[in-house]
Structures are given as C-alpha cells and as structure tokens.
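Peer 1: Let me begin by handing over the structure; questions about it come next.
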Amino acid sequence: MKYNRILLKLSGEALAGEQGHGISADVLTNIATEVKELQAMGVEIAIVIGGGNIHRGVAGATKGMDRTTSDHMGMLATVINSLALQDSLERHGINTRVLTAIDMQEIAEPYIRRRAVRHLEKKRVVIFAAGTGNPYFTTDTAAALRANEIDAHVIMKATKVDGIYDKDPMKFKDAVKIDKLKFIDVLNKGISVMDSTAISLCMDNEIDILVFNMFEEGNIKRAVMGETIGTIVTNK
C-alpha cells in the first residue's frame, strides 16, 4: 500500500446525494462498504465531514446572521453527519469513534490527539466532528489540522468530479484535467481545492492532498494502492 494512514475529507453536500439536502442512506452505505474494505486491508482511517447539507456558516452570515453563531450551527451540523456515518459504519461491523472539538460527552468523546492516535492504532475508524471548535475556520482547515496532528500520510478529498480541471467540467466540455499541482500554484492561481488556510498548512508540513471522485466505486482503494487517479496536490 502507498498510504497506511489516511484522512478522508467528505463534504456535507456529498452525504446528501442526489436529493440535495439532508442525509442519504444510500451514500452512507456506499461509504461504509468502501471503508470496510480498506479497514480489512489494514489501513488506518480518519474522517472529517462538512455540514453543508444541513447548515453552512458562511451562507448563514451572508443572510444577516452573526458569523460566529452561524459557524457554531455549522459545527453542530457536522456532529449530526458524523453520528449518522458512525451508525452506518457500525451496522457494517466497523468499530468507530466520534471525537468532537466541542465538548458533548453524552454523545461523543472529546478530541484528544493521543486518544485519536490510539484509536487508529487499534484499527478503529475515527471521525472528527465540530471542525476545529472555532468560528471562521472551515472543515477543510479542520481536516488539514487533524491530518497533521495524527501524522496522516495523505488527505483524500472526496468530490463529485475526478480531479482538478483548468475550468469547471460541469460547464465546459473542453475542460482539461490536471494530474498534478504544486501547493504554491494552487494558492497563486486561486484554485478552489480547499481554502487557503488548509492549503498553507499542508504545504508547510508536506502532507499531500488527493482530489478524487468519491462516487466511482473502488476509487479510495485504488488511491491507497498507489494507482493514478484524480489530482495530487504536493510540494514534490
């Protein structure tokens, strides 16, 4: 395997599937099936999920809501998504722990780095919820931060397209896929892979980001095995 410990970044919108909002049971089942296969291979898996299918902090702020309040609502949305994914994973026989950046011990463990690493070493899937616990930071930044803290080998950013293109492939048929990008180019050209804080954090600590299509069956396994899929963002 090319990667033994990965952090999988899922958007809240991806959990909604084709229905566009809420949580799709079919998407949860598909994710659980792929994660179970990876776990059987011995891969240590951490997951960060967004909350955009329920509430987006920035969107709430643009409609007049206080940004800090809106961001805290978004963090709670990620906890809802994390508990839904945990339930699906455990129904597939996968031992799972949800760790939250906001203390809510009745439903999840508080985030402690050493505890998270220990869970991974025991081959439990760890789901990081509530972002960083701070407003004004996205779940992209939370993914980059947690990946650094647990010494993940790569961040796998699951999207609806099979990588990064020179322009929107949903709008332009002549869009060209880019197989490899450098972090500095992503920042200089303003390419929307992850927000600039997350990109800078990964660049400074040399954690690659793999952008790939999560809806193509077996893609995560192919990436872990070192096959060329999606777009890799790297310092190398």
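Peer 1: Just the residues that are surrounded by 13 or more Cβ atoms within 10 Å (Cβ to Cβ), over 20 Å from the mean Cα position of the chain (by Cα) and at pLDDT 95 or above, please, taken from the range 70-93.
Peer 2: Residue satisfying the conditions is HIS92 alone.
Peer 1: Touching a residue at least 40 places away in the same chain (Cβ under 8 Å) and either more than 14 Å from THR234 (Cβ to Cβ) or of a type in the set (Asp, Glu) (or both): which single residue out of ASP179, ASP185, ASP174 fits that description?
Peer 2: Going through ASP179, ASP185, ASP174 in turn, just one is touching a residue at least 40 places away in the same chain (Cβ under 8 Å) and either more than 14 Å from THR234 (Cβ to Cβ) or of a type in the set (Asp, Glu) (or both): ASP179.
Peer 1: State the number of residues belonging to the range 4-19 that are surrounded by fewer than 18 Cβ atoms within 10 Å (Cβ to Cβ) and either among the hydroxyl-bearing types (Ser, Thr, Tyr) or assigned to a helix (DSSP H, G or I) (or both).
Peer 2: 3
Peer 1: Here are some conditions: (1) assigned to a loop (DSSP other than H, G, I, E, B); (2) in contact (Cβ under 8 Å) with a residue 60 or more places away in the chain; (3) in contact with a strand residue (DSSP E or B) (Cβ under 7 Å, 6 or more places away or on another chain). VAL161 meets all but one. Which one does it not meet?
Peer 2: (2)
Peer 1: Further question: Evaluate the range 164-187: report whether one residue or more is under 19 Å from the mean Cα position of the chain (by Cα) and assigned to a loop (DSSP other than H, G, I, E, B).
Peer 2: So far as the range 164-187 goes, no, none of its residues is under 19 Å from the mean Cα position of the chain (by Cα) and assigned to a loop (DSSP other than H, G, I, E, B).
Peer 1: Do we have ASP151 as buried (at least 16 other Cβ atoms within 10 Å of the Cβ), in a loop (DSSP other than H, G, I, E, B), more than 12 Å from the chain's Cα centre (by Cα) and touching a residue at least 60 places away in the same chain (Cβ under 8 Å) here?
Peer 2: Criteria not met by ASP151.
Peer 1: Quick test for you: out of ARG67, ARG56, pick the one residue that is surrounded by fewer than 16 Cβ atoms within 10 Å (Cβ to Cβ) and either closer than 20 Å to ASN134 by Cβ or of a type in the set (Ser, Thr, Tyr) (or both).
Peer 2: Among ARG67, ARG56, only ARG67 is surrounded by fewer than 16 Cβ atoms within 10 Å (Cβ to Cβ) and either closer than 20 Å to ASN134 by Cβ or of a type in the set (Ser, Thr, Tyr) (or both).
Peer 1: Please work out which residue is modelled with the lowest pLDDT, limiting yourself to the range 55-69 and to residues that are in a loop (DSSP other than H, G, I, E, B) and within 18 Å of ALA142 (Cα to Cα).
Peer 2: ARG56
The values are calculated or read from the model by the stated rules, or taken from the named source; none is laboratory data. Predicted model, so just to flag it, every value in this text is computed and none were measured. Because the Cβ atoms are built from the backbone with ideal geometry, glycine has one as well, and the counts that use them run over all protein chains shown.
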